[in-house]
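One structure below.
The values are calculated or read from the model by the stated rules, or taken from the named source; none is laboratory data. The structure presented is a predicted model; accordingly, all values stated were derived computationally and were not measured. Virtual Cβ from ideal backbone geometry, glycine too; neighbours counted across all protein chains shown.
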Amino acid sequence: MHKKMAFSFPDEVLEHVFSFIQSDKDRNAVSMVCKSWYEIERWCRRKVFVGNCYAVSPRMVIRRFPEFRSIELKGKPHFADFNLVPDGWGGYVFPWIAEMAGAYPWLEEIRLKRMVVTDESLELIAKSFKNFKVLVLSSCEGFSTDGLAAIAASCKNLKELDLRDCEVDDLSAHWLSHFPETYTSLVSLNISCLGSDEASFSALERLVRRCTNLKTLRLNRAVPLDKIANILRHAPQLVEFGTGTYTADVRPDVYSDLAGVLSSCKELKSLSGFWDVIPDYLPAIYPVCSKLTSLNLSYATIQSPDLIKLVSHCPNLQRLLVLDYIEDSGLEVLASSCKDLQELRVFPSDPFGAEPNVSLTEQGLVAVSLGCPKLQSVLYFCRRMSNEALVTIARSRPNFTRFRLCIIEPKTADYLTLEPLDVGFGAIVQYCKDLRRLSLSGLLTDRVFEYIGTYAKKLEMLSVAFAGDSDLGLHHVLSGCESLRKLEIRDCPFGDKALLANAAKLETMRSLWISSCAVSFAACKLLGQKMPRLNVEVIDERGPPDSRPENCPVDKLYIYRSIAGPRFDMPPFVWTMDEDSGLRLS
Amino acid sequence: MEGSVGYDNDLNLRATELRLGLPGTEPVSIVRSNKRSLQQVADDDCGVNGCRSDDQNETAPPPPKAQIVGWPPIRSYRKNNIQTKKNESEGGGIYVKVSMDGAPYLRKIDLKIYSGYPELLQAIENMFKFTIGEYSEREGYKGSDYAPTYEDKDGDWMLVGDVPWEMFITSCKRLRIMKGSEARGLGCGV
C-alpha cells in the first residue's frame with residue numbers, strides 16, 4: 001500500500017516543484033524523465049524559448065505547451081548582422097503572432113531576435129493580448145513607428161518596450177503620444193535605435209513623469225543634451241540611462257543643471273548613449289561613476305586622456321563598451337582601476353582605414369587580462385597580435401567564457417614571428433576550459449582547428465573567417481567539439497568531405513552557416529537527401545544552383561535541424577535540398 | 001569599385017584571372033566569391049597560395065584595398081556612426097599626417113579645427129606626450145629637443161610658425177616632429 005503512495009505524487013505537488021525550475025535546459029531534462037513528468041511539465045511551462053524559428057512550427061509549440069505566457073524566438077543566422085544574409089531571406093514573425101493570437105489571449109511577453117516584424121504583426125499583438133507586458137525586439141526590422149503607436153495605444157499593462165539595435169522606419173516621433181495619459185506602468189523603455197530628427201520631447205517628458213516605476217530609459221540620438229536634465233528630473237529612480245547626443249555649446253547653466261540632476265539619481269548603475277561627445281560635459285557624470293557597473297561609450301568619439309579620466313572614476317565597473325580611442329594606455333588604467341571588470345568590448349573607430357589611427361595593440365588586451373581577475377567576456381578589434389600575447393592572455397585568464405578577437409586585416413600573421421596564430425588560439429582553448437564562445441581571426445592553419453577539436457569541449461559557438469587549409473580543419477571541429485551548437489564559417493577552404501563525413505553531427509547542433517567556401521551543390525543535395533531532419537538551404541543570388549555544374553560550389557549554405565520540415569516562405573534565391581530536391585529542380 | 005590593377009608592365013594577365021586571394025594584395029580580390037572559375041573549383045584550390053607573389057614593384061604605392069562584404073564584422077549602425085562622423089568633417093577638413101621621430105605610429109589631424117598655432121601645438125603636445133619649446137622668429141623653438149616642422153607644397157621642410165596661420169594650413173602637406181640635432185639645426189636659421 002505505502003509503496004503505491006510513494007509513486008503517486010499528486011500532480012499539483014510536482015507542478016509546484018517544477019515552478020522553481022526556470023531554465024529551459026532543466027525544464028527539458030525534467031520532461032524527459034518519464035511520460036507523466038512530460039505531461040505535467042508541458043502544462044506548467046510558462047516560458048518557451050525557440051532558438052531557431054524554423055526548427056519547429058507555431059502549431060507544434062502551442063500543441064505541446066498550452067499555457068505559456070512568454071515566448072522568445074530567434075530568426076536569421078548571426079552573420080545577418082554583417083550583411084551576409086540577403087534581404088528577404090525570411091524570419092517572419094507574423095505566422096507566430098497569428099497562431100498565438102488565436103490560442104493565447106493571455107500571452108504576456110514576446111522577445112524576438114533577428115526577425116522581420118511588420119506593423120501588421122505589431123497591430124495584431126496590440127489587439128490580441130489584453131495583458132501584454134513585455135516586448136523586446138533585438139536586431140529586428142520591418143516595422144515603423146506606426147506599429148509602435150498601436151502598441152502604445154492598446155497595451156495598458158505594458159511594462160517593457162525595448163527596441164535594441166532595430167531598424168525602424170521612422171515616420172513620426174508622435175507615436176509616443178499614443179500612450180494614454182492614464183498609462184503609468186512603464187518600467188523599461190529603450191528607443192536608442194530611433195532616428196527621427198523631430199522628437200516629441202514633451203510627450204516623452206510627460207510619459208517619464210507619470211511612470212514612476214521607470215527603471216530603464218535609453219534615449220535616441222535626437223534628444224539633445226539640454227533636454228536630458230528635464231527628463232531626468234522626473235526620474236531620479238532610474239537604474240539604467242542612455243543619453244541622446246552628448247554635445248552642445250558649452251554653457252555653465254546647462255552643465256550645472258545636468259550635473260545636479262545626475263547626482264540626484266542615486267540608483268544609477270548603467271550609462272549609455274554618448275553620441276557626439278564633447279569632453280567638456282563629461283565631468284557632469286563623475287558623481288554617479290562610483291556606482292556604475294555598466295558603461296557603454298562605444299559611440300563616444302573622445303580620445304584616450306578623457307576616456308582614462310572617466311574610467312578612473314568607475315572602480316565598480318563590470319561591463320565596458322568603448323572605441324579603440326582608449327588605446328593601450330587607457331586599457332592599462334582600466335586594468336588597474338576596475339578590478340571587477342567582467343566584460344570588455346573594444347570597437348574600431350576606423351575599421352576601413354589602411355593604417356592604424358590609434359595606438360591600440362595586443363598589449364591593451366594583455367593588460368586587461370592580467371589585471372582584471374573576473375574578466376570572462378571579451379570582444380576586441382585590433383590590427384596586430386602575437387602568439388606570445390595570446391598565450392599570456394590564456395594563462396592569466398583561464399576563466400574566459402567568451403573570447404572574440406577580430407584582427408582587422410584577414411590572415412594577419414603573428415607580427416613578431418610571422419607565424420600563424422594557431423598556437424595562440426590553441427592556448428586559449430586549452431587553458432580556458434569553460435569557453436563557450438570563440439571567434440577566430442588572423443593567419444590560421446588546420447592546426448588551430450586540431451587544437452579546438454581537442455580542447456574546446458564546452459564550446460557552443462564558433463565563428464571562423466579566412467582560416468584553415470583543408471577539409472581536415474572543419475573535420476576537427478565537427479568531430480571534436482562535443483558541445484557545439486552553432487558554427488558559422490566564411491571564406492575558408494572547407495568542402496564536401498568534412499561536411500558529409502560529419503553529417504550526423506549536424507543534427508546535434510542548432511545550425512551551421514558556411515559561405516564562400518568550397519561546398520559543392522552535389523554535396524548539398526546528398527546531405528539533404530540523407531538527412532531528413534536537417535533543412536539544407538542553399539542561398540545563391542546568381543540563380544538556381546542546378547544551372548551550373550554539380551561540382552560547382554554554392555555561394556552560401558545554411559543547415560539547421562528542424563522537426564517542421566522545409567519551410568514555405570523562401571525567397572527565389574533560397575533552395576531547400578530534401579529527398580525530392582533532385583526531382584523538383586530538374 | 002575597382003582596385004587599380006597592378007603596376008606590371010606586361011600583359012597584365014592577372015587582371016583577367018579570377019581568384020580568391022588576400023584582399024589588398026591582389027587587387028582583383030573577390031568581393032563576391034561566386035566569381036571563381038569552374039577550373040579553379042575543380043582544382044579545389046581556394047587561392048590560399050595566391051598571395052604576395054607579386055613583389056616586383058615595391059616602389060609603387062600599394063593598390064587600394066577592395067572592401068570585403070561583411071568584414072570586419074561590425075554592425076551597420078556602428079559603421080553608420082563612423083561614417084556620419086567622417087562626412088561631417090569631410091566637408092572642408094584639412095587632414096594631414098603627423099609623425100614624430102621615434103614614435104611607431106603616425107597620427108592624422110584636421111588643421112581646420114584649430115584656430116591658430118598655439119592650439120595646434122598644444123594638441124600635438126598632448127597627442128605625443130612631449131613639450132615643444134618656446135617659439136621665437138629668430139631662434140625657432142628653444143627649450144626642448146623637439147621642433148615641429150612641416151612639408152609645404154613645394155616639398156620643402158619648414159619650421160612651423162614662420163608663416164601666417166592661414167597660409168600655413170593651405171600649404172601644409174604633412175607634419176613631422178623632429179628630434180635632436182636635426183631639430184636644433186633647423187632653428188638656427190641657416
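Residues of region A:460-473 being more than 13 Å from chain B (Cβ to nearest Cβ) and either touching a Leu at 6+ places or on another chain (Cβ under 7 Å) or among the acidic types (Asp, Glu) (or both), which ones?
Result: A:GLU460, A:LEU462.
So that you can scan it fast, the table gives a plain yes or no per residue for (1) away from every other protein chain (no Cβ under 14 Å); (2) over 28 Å from the mean Cα position of the chain (by Cα); (3) of a type outside the set (Phe, Trp, Tyr):
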position: A:GLU488; (1), (2), (3): no, no, yes
position: A:PHE494; (1), (2), (3): no, no, no
position: A:SER516; (1), (2), (3): no, no, yes
position: A:SER520; (1), (2), (3): no, yes, yes
position: A:LEU534; (1), (2), (3): yes, no, yes
position: A:VAL538; (1), (2), (3): no, no, yes
position: A:SER547; (1), (2), (3): no, yes, yes
position: A:PRO553; (1), (2), (3): no, yes, yes
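May I ask you to list the residues in region A:246-265 that are in contact with a strand residue (DSSP E or B) (Cβ under 9 Å, 6 or more places away or on another chain) and modelled with pLDDT of 90 or more?
Selection gives A:TYR246, A:LEU262, A:CYS265.
I need the full set of residues from region A:506-523 which are more than 12 Å from A:ARG485 (Cβ to Cβ) and hydroxyl-bearing (Ser, Thr, Tyr), in order please.
A:SER515, A:SER516, A:SER520
Filter region A:312-323 down to the residues that are surrounded by 23 or more Cβ atoms within 10 Å (Cβ to Cβ) and either modelled with pLDDT under 95 or not aliphatic (A, V, I, L, M) (or both) and list them by number.
If the condition is that a residue be surrounded by 23 or more Cβ atoms within 10 Å (Cβ to Cβ) and either modelled with pLDDT under 95 or not aliphatic (A, V, I, L, M) (or both), then A:CYS314 is the only one that fits.
For region A:548-566, check the following and say yes or no: at least one residue is in contact with a His (Cβ under 8 Å, 6 or more places away or on another chain) and within 29 Å of A:GLY473 (Cα to Cα).
Checked against the condition, which is being in contact with a His (Cβ under 8 Å, 6 or more places away or on another chain) and within 29 Å of A:GLY473 (Cα to Cα), region A:548-566 yields no hits at all.
Condition check ((1) touching a Ser or Thr at 6+ places or on another chain (Cβ under 8 Å); (2) among the β-branched types (Val, Ile, Thr); (3) within 14 Å of chain A (Cβ to nearest Cβ); (4) assigned to a strand (DSSP E or B)) across all residues:
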position: B:ALA103; (1), (2), (3), (4): no, no, yes, no
position: B:SER115; (1), (2), (3), (4): no, no, no, no
position: B:PRO118; (1), (2), (3), (4): no, no, no, no
position: B:LEU121; (1), (2), (3), (4): no, no, no, no
position: B:ILE124; (1), (2), (3), (4): no, yes, yes, no
position: B:MET127; (1), (2), (3), (4): no, no, yes, no
position: B:TYR135; (1), (2), (3), (4): no, no, no, yes
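Going through region A:1-28 one residue at a time, which ones are among the hydrophobic types (A, V, I, L, M, F, W, C) and either at pLDDT 95 or above or part of a loop (DSSP other than H, G, I, E, B) (or both)?
Selection gives A:MET1, A:PHE9, A:PHE20, A:ILE21.
Out of the residues in region A:461-482 that are surrounded by fewer than 19 Cβ atoms within 10 Å (Cβ to Cβ) and part of a loop (DSSP other than H, G, I, E, B), which is farthest from the chain's Cα centre (by Cα)?
My answer is A:ASP469.
Taking B:VAL96 and the conditions (1) modelled with pLDDT of 85 or more; (2) more than 20 Å from the chain's Cα centre (by Cα); (3) farther than 30 Å from A:LYS556 by Cβ, which numbered condition does it fall short on, given that it satisfies the others?
For B:VAL96, the exception is condition (2).
Under 20 Å from A:ILE326 (Cβ atoms), of a type in the set (Lys, Arg), surrounded by fewer than 22 Cβ atoms within 10 Å (Cβ to Cβ) and within 14 Å of chain B (Cβ to nearest Cβ) - does that describe any residue in region A:423-442?
No.
Only one of these is over 21 Å from A:TYR286 (Cα atoms), among the hydrophobic types (A, V, I, L, M, F, W, C) and outside any loop (DSSP other than H, G, I, E, B): A:VAL254, A:VAL168. Name it.
A:VAL168
Which residues, taken from region B:137-164, are outside any strand (DSSP E or B), out of contact with any Phe, Trp or Tyr (no Cβ under 6 Å at 6 or more places or on another chain) and hydrophobic (A, V, I, L, M, F, W, C)?
If the condition is that a residue be outside any strand (DSSP E or B), out of contact with any Phe, Trp or Tyr (no Cβ under 6 Å at 6 or more places or on another chain) and hydrophobic (A, V, I, L, M, F, W, C), then B:VAL163 is the only one that fits.
Does any residue of region A:393-405 turn out to be in a helix (DSSP H, G or I) and within 14 Å of chain B (Cβ to nearest Cβ)?
No: region A:393-405 contains no residue that is in a helix (DSSP H, G or I) and within 14 Å of chain B (Cβ to nearest Cβ).
Sort out for me the helices (runs of 4 or more DSSP H) sitting completely within region A:483-586 that have 3 or more residues that are without any contact (Cβ under 8 Å) to a residue 24 or more places away in the chain and touching a Pro at 6+ places or on another chain (Cβ under 6 Å).
Helices (runs of 4 or more DSSP H) meeting the threshold: none at all.
Could you list all residues from region A:493-524 that are farther than 26 Å from A:VAL50 by Cα and either buried (at least 18 other Cβ atoms within 10 Å of the Cβ) or of a type in the set (Asp, Glu) (or both)?
A:PRO493, A:PHE494, A:GLY495, A:ASP496, A:ALA498, A:SER516, A:CYS517, A:ALA518, A:VAL519, A:SER520, A:PHE521, A:ALA523
Are any residues in region A:391-402 within 21 Å of A:VAL322 (Cβ to Cβ) and crowded, with 21+ Cβ neighbours inside 10 Å, and if so, which ones?
Matches in region A:391-402: A:ILE393, A:ARG397, A:PHE400.
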